[in-house]
1. Of everything in the range 97-153, what is among the β-branched types (Val, Ile, Thr) and not in a loop (DSSP other than H, G, I, E, B)? Give them in sequence order.
2. Identify, from the list Ile109, Ile99, Ile124, the residue that is within 16 Å of ligand 1 (Cβ to nearest atom), modelled with pLDDT under 95 and of a type in the set (A, V, I, L, M).
3. Considering each of Phe18, Phe46 in turn, give the residue that is modelled with pLDDT of 95 or more and of a type in the set (Phe, Trp, Tyr).
4. Which one is farthest from Lys155 (Cα to Cα) among residues in the range 234-247 that are surrounded by fewer than 19 Cβ atoms within 10 Å (Cβ to Cβ) and within 16 Å of ligand 2 (Cβ to nearest atom)?
5. Quick check: is even one residue across the range 224-233 within 16 Å of ligand 2 (Cβ to nearest atom) and either closer than 22 Å to Tyr23 by Cα or touching an Asp or Glu at 6+ places or on another chain (Cβ under 9 Å) (or both)?
Amino acid sequence: MSSAEANPLANLEQWDDFVKDRYDPGKPKESFRHYDEKTPPVVREFYRLNHQNQTREFVLQKKNEYTGKRRGPMGIWEAMEYLNTLVDDSDPDTNLSQIEHNLQAAEAIRRDGHPRWFVLTGLIHDLGKLLCLYGEPQWAVVGDTFPVGCAYSDKIVFPEFFEKNPDFHNSTYQTKLGVYEEGCGLSNVDLSWGHDEYLYHVMKDYLPEPALYMIRYHSFYSAHREGDYQYLMNDHDREMFAWVRTFNPYDLYSKGDERVDTAKLRPYYEDLIAEYIPAKIDW
Ligand code: FE
Ligand code: FE
């Protein structure tokens, strides 16, 4: 597969913008299922690749490859600057850098008086997108995440694209529970691979549990926005998902906020990072 075929999006923000549009609060509820015609062709193509290629086998292989964190030590600000080198192919005037998007989310959380770890989570939540710079295709970095190894929820966008996924034809994987047990808890469930799961593994020793849930499940829209997959969750997941839902509007809707002064904000955020995270951590 050529790289243009593997990476149909001009930039990762096209996926974020699509999700934001899907959950636009001004949108009438019945229009939720009608995203089809209005979806940019590159976004459709992105989902086609994502749904076709995220097999359980692929997910387990990526977990094995990345959760050992063998890519060497790096500081948080350094990682943010590195992620910023992921340039947009689209108009630079209308698109914010990755650092700016993340600072806007963090600043919106700070303005609302949330705890410091929550502000920090806003800042770092998308750093797993570094996967793109490691050479992973877009469909293995972003996209709504979903459990693999059990039946797909019809609340996942473009469910028809799952028909091309080899797991769709595996009868064990296509029962309601698949390889899982009822109420087994999400920590025992493999979700499609992407920036959420990767960053969770990088951060899991450093942040409080609600922050880790926000990081790990922020793209799991069929669960946190649509309420599906309750049968895989335990009571603790349900409790923690209140935090995931609290975080989601900052992720989706803080982008249009006024421009942030990165240089001016940096000292505050460097202090905040140092409060929780060592100067260099393994990636
Ligand atoms: Fe994200
Ligand atoms: Fe985000």
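The values are calculated or read from the model by the stated rules, or taken from the named source; none is laboratory data. Since the structure is predicted, the reported quantities are computational estimates derived from the model, not experimental observations. Heads up, the Cβs are rebuilt from the backbone with ideal geometry, glycines too, and the neighbour counts pull from every protein chain shown.
1. Going through the range 97-153, the residues among the β-branched types (Val, Ile, Thr) turn out to be 99, 109, 119, 121, 124, 141-142, 145, 148.
Answer for the range 97-153, where residues must be among the β-branched types (Val, Ile, Thr) and not in a loop (DSSP other than H, G, I, E, B): Ile99, Ile109, Val119, Thr121, Ile124.
2. Details: Ile109 fails: modelled with pLDDT under 95; Ile124 fails: modelled with pLDDT under 95.
Answer to the check: Ile99.
3. Values: Phe18 fails: modelled with pLDDT of 95 or more.
Of the residues listed, the single one that is modelled with pLDDT of 95 or more and of a type in the set (Phe, Trp, Tyr) is Phe46.
4. Per the criteria, the residue is Thr246.
5. Initially, the range 224-233 is screened for residues within 16 Å of ligand 2 (Cβ to nearest atom), giving 224-225.
Still in the running and either closer than 22 Å to Tyr23 by Cα or touching an Asp or Glu at 6+ places or on another chain (Cβ under 9 Å) (or both): 224-225.
The answer is yes; a qualifying residue exists.
Residue by residue, here is whether (1) among the acidic types (Asp, Glu); (2) crowded, with 16+ Cβ neighbours inside 10 Å; (3) touching a strand residue (DSSP E or B) at 6+ places or on another chain (Cβ under 6 Å); (4) closer than 30 Å to Pro210 by Cβ holds:
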{"position": "Phe146", "(1), (2), (3), (4)": "no, yes, no, yes"}
{"position": "Gly149", "(1), (2), (3), (4)": "no, yes, no, yes"}
{"position": "Tyr152", "(1), (2), (3), (4)": "no, yes, no, yes"}
{"position": "Lys155", "(1), (2), (3), (4)": "no, yes, no, yes"}
{"position": "Ser171", "(1), (2), (3), (4)": "no, no, no, no"}
{"position": "Gly178", "(1), (2), (3), (4)": "no, yes, no, yes"}
{"position": "Ser187", "(1), (2), (3), (4)": "no, no, no, yes"}
{"position": "Trp193", "(1), (2), (3), (4)": "no, yes, no, yes"}
